[in-house]
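Student: My questions all concern the structure below.
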Amino acid sequence: MKILLRGLTKRFGLQTVLDAVNFEAEFAHTLALIGPSGGGKSTLLRLLAGLDAPDSGEILVNGEPLPQDEERLRIHRSHTGIVFQAYNLFPHLSALGNVMLPLTEVHGIDTATARDRAMDVLKRFHLAEHAAKQPAQLSGGQRQRVAIARALAVDPAFLLLDEPTSALDPEMTAEVLDVIVELRESGKPIILVTHEMGFARRSADRVAFIADGGVLECAAAGEFFENPRQPAVKQFLERILKY
Amino acid sequence: MQAGFFIDRPTSPARPAAKAVTIIILLLVYSGLCWLAFSHSLKNWEQVWGYRVTFLNGWAATIGISAAALLLSTAIGALTALARRSAFLPLRYTAAAYVETVRGLPLLVLVLFGFYGIANAVGWNDRVSVGIVILSLFSGAYIAEIIRAGIESVGRSQWDSARAIGLTPVQTYRFVIFPQVLRQILPPVAGQFSSLIKDSSLLYIIGIPELTFAANQINSATYSTFESFVPLGICYLVLTLPVSLWTKYLESKVRYET
């Protein structure tokens with residue numbers, strides 16, 4: 001998968017979160033976006049997802065520019081698997097209902113086929129026994145796994161995960177990271193914002209460091225962590241890997 | 001364990017036996033006091049009994065008017081709440097102006113102005129339908145606010161999730177927002193229904209033969225104030241207490257599920 005950002009700018013009010021970012025990355029499976037909070041990682045992910053539109057500049061995914069108009073952005077979103085930090089699921093629907101909703105309403109699949117497909121994905125993530133439960137009856141880790149199942153069930157072109165484990169305790173984090181590793185092995189490209197440095201190092205092909213409204217450094221995971229070139233990156237890694 | 005006069009935790013852990021004994025004693029004490037104070041003025045039942053059909057007709061009218069106004073005000077409230085979320089500004093501001101104006105005026109003023117002012121001017125003389133419409137416009141503004149609050153109580157993350165899976169705005173409201181709003185607003189809407197029943201009493205001022213009007217009429221004819229108005233109060237309580245209990249039940253259910 002290949003992404004290309006050209007002069008990408010995003011402002012919220014007076015604050016410029018992404019400032020004319022030029023960036024290119026090609027990776028086989030997983031690109032991890034890391035960096036300090038408020039540096040623009042999640043904003044970039046939302047732009048890639050088509051949830052927000054940039055103020056200027058453009059994004060090319062595999063050579064195709066992202067559309068500008070809302071209707072075509074909606075279609076882009078429907079073919080992209082997006083998982084947020086928390087509260088992804090619709091609380092009034094069961095786990096199965098959550099996975100089925102995009103299949104039946106967005107992709108026009110009939111109910112019986114959608115149910116079969118949703119159950120297949122839930123089974124794959126060992127969630128079959130929880131299919132009838134409402135999100136409130138699931139643990140945080142189970143909820144995130146259902147959210148990933150929902151994102152995956154529509155057979156998206158790629159997956160965008162925005163700090164999917166930040167709201168979870170260490171055990172549930174491991175449970176969700178296992179699922180992400182499994183996804184990686186299935187060959188679906190993933191772009192992931194994460195604070196789990198160990199995970200980024202072991203599972204990402206490439207790591208991009210985003211801070212102060214731009215991409216400061218991007219390298220293969222091993223190289224990035226062994227030998228960061230930018231002083232700011234070095235400092236960041238030293239600080240967070242200290243304990 | 002030392003017990004204080006005030007409860008120092010969210011709920012009161014009273015024992016069932018203490019509750020039952022307290023309620024029975026209070027009932028006896030208060031009804032005894034009422035009997036001592038008012039028994040000498042509660043003796044003209046025969047004459048009032050003669051008017052029972054008037055009274056029951058009034059009661060039926062109150063129930064009918066309240067039910068009709070509930071349906072109409074729910075529709076008005078839902079449309080107004082949607083209008084307040086419209087991207088088309090004139091519609092949004094019109095809805096906001098309606099809600100704020102109605103909520104800023106006493107119902108009695110609306111009833112008098114609506115009937116003697118507007119309805120008379122356009123030659124609409126059917127008191128009952130005018131009354132239902134005025135009551136619905138009044139209650140609709142409050143229901144619009146309940147629904148608006150319900151929509152706003154659905155978190156930003158739900159809108160994001162709905163957009164993320166590719167739902168259109170109409171689908172987002174239908175499959176994600178409204179089902180959650182409905183659960184949230186049922187208790188306050190039930191409470192609004194209770195208000196509606198009580199507020200319908202003000203329609204007596206424009207001569208609609210509902211319950212209060214009937215009681216007032218019986219009082220004028222028999223000079224039996226207590227015998228006319230005590231059943232009036234009881235009849236309202238018979239309607240509003242079940243609604244109020246139902247509201248409490250709905251509230252406890254919503255709390256449990258979230």
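Student: Net charge around B:Leu108, counting only other residues with Cβ within less than 14 Å of its Cβ (Lys, Arg = +1; Asp, Glu = -1)?
Tutor: Surrounding charge for B:Leu108 is 0.
Student: Still on this structure: At q = 0.17, 0.20, 0.27 Å⁻¹, what base-10 log of I(q)/I(0) does the Debye formula yield for the range B:205-258 when every alpha carbon is treated as an equal point scatterer in vacuo?
Tutor: After summing over all Cα pairs, the log10 values are -0.63, -0.73, -0.98.
Student: Continuing with this model, one more query. Compute log10 of I(q)/I(0) for the range B:35-140 with the Debye formula, placing one identical point scatterer on every Cα and leaving out solvent, at q = 0.11, 0.18, 0.20, 0.25 Å⁻¹, to two decimals.
Tutor: -0.53, -0.96, -1.06, -1.27
Student: Magnitude of the Cβ-charge dipole of the range A:1-136, K/R +1 and D/E -1, about the Cα centre, nearest 20 debye?
Tutor: Dipole magnitude for the range A:1-136 comes out near 340 debye.
Student: Would you mind counting up the charge near B:Ile206? Only other residues with Cβ under 15 Å from its Cβ, with Lys and Arg at +1 and Asp and Glu at -1.
Tutor: Once all neighbours under 15 Å are counted, the net charge is -2.
Student: Which of the pairs A:Lys188/A:Lys242; B:Lys19/B:Lys198; B:Lys43/B:Lys198; A:Lys41/A:Lys188 have their Cα atoms more than 31 Å apart in this structure?
Tutor: A:Lys188/A:Lys242
Student: Hey, another quick one. Evaluate the Kirkwood expression for the hydrodynamic radius of the range B:140-181, namely the inverse of the mean inverse distance over all pairs of different C-alpha atoms, and round to one decimal in Å.
Tutor: Radius from the Kirkwood sum: 10.7 Å.
Student: Show that you can apply the helix-only estimate: for chain B, add -39,500 (n - 2.57) for every DSSP H stretch of four or more residues, divide by all residues, and state [θ] at 222 nm to the nearest 500.
Tutor: Only helices count here, giving -24500 deg cm²/dmol.
Student: Give, to the nearest whole percent, the P(r) tail of the protein assembly as shown beyond 29 angstrom, counting all Cα pairs.
Tutor: In whole percent, the long-distance tail amounts to 65.
Student: How many angstrom lie between the C-alpha centres of the range B:19-80 and the range B:96-173?
Tutor: 28 Å
Student: Where does each of A:29-41, B:96-108, B:149-161 land if you order them by average Cβ count within 10 Å, highest first?
Tutor: Taking the mean over residues of other Cβ atoms within 10 Å, the ranking is A:29-41, B:149-161, B:96-108.
Student: Once you have all Cα-Cα distances for the range B:31-97, histogram them in 5 Å bins from zero and send the whole-percent values.
Tutor: Values per bin, smallest distances first: 3, 14, 10, 9, 9, 10, 8, 7, 7, 7, 7, 5, 2.
Student: What is the dipole size for the protein assembly as shown, taken about its Cα centre, with +1 at each Lys and Arg Cβ and -1 at each Asp and Glu Cβ, in debye to the nearest 20?
Tutor: Using only the charged Cβ atoms, the result is roughly 880 debye.
Student: Sticking with this one: What percent does the relative contact order of chain B come to when contacts are Cα pairs within less than 8 Å and at least six residues apart?
Tutor: After rounding, I find 26 percent.
Student: Using a 1.4 Å probe over the heavy atoms of the protein chains, calculate the carbon and sulfur portion of the accessible area of the range B:1-95 as a whole percent.
Tutor: Here it works out to 72 percent.
Student: A follow-up question, please. May I ask which residue of A:His76, A:Ala49, B:Val53 lies farthest towards the positive end of the charge dipole of the protein assembly as shown, with charges of +1 (Lys, Arg) and -1 (Asp, Glu) on Cβ and the Cα centre as origin?
Tutor: Result: B:Val53, furthest along the dipole toward the positive end.
Student: Another question, if that's okay. In the protein assembly as shown, what percentage of the DSSP-assigned beta bridges are antiparallel, given to the nearest 5?
Tutor: 55 percent
Student: With a 1.4 Å probe, how much accessible area is buried between chains B and A, both sides summed, in Å² to the nearest hundred?
Tutor: Protein heavy atoms only, the B-A interface buries about 1800 Å².
Student: Further, regarding this structure: Could you check the spin-label model distance between B:Glu100 and B:Cys34? Points 7 Å from the Cα along Cα→Cβ, value in nm.
Tutor: 4.4 nm
Student: Sticking with this structure for a sec: Ignoring ligands, DNA and RNA, what accessible area per residue does the range A:1-73 give at 1.4 Å, in Å²?
Tutor: Heavy-atom accessible area per residue stands at 46 Å².
Student: Average partner chain C-beta neighbours within 10 Å, per residue of B:149-161?
Tutor: 3
The values are calculated or read from the model by the stated rules, or taken from the named source; none is laboratory data. Keep in mind the model is a prediction, meaning the values are calculated, not measured. A quick note on method: Cβ atoms are made from the backbone with ideal geometry, for glycine too, and the neighbour counts reach across all protein chains shown. SASA here: full protein model, heavy atoms, side chains in, ligands and nucleic acids out. Shrake-Rupley method; radii C 1.70, N 1.55, O 1.52, S 1.80 Å.
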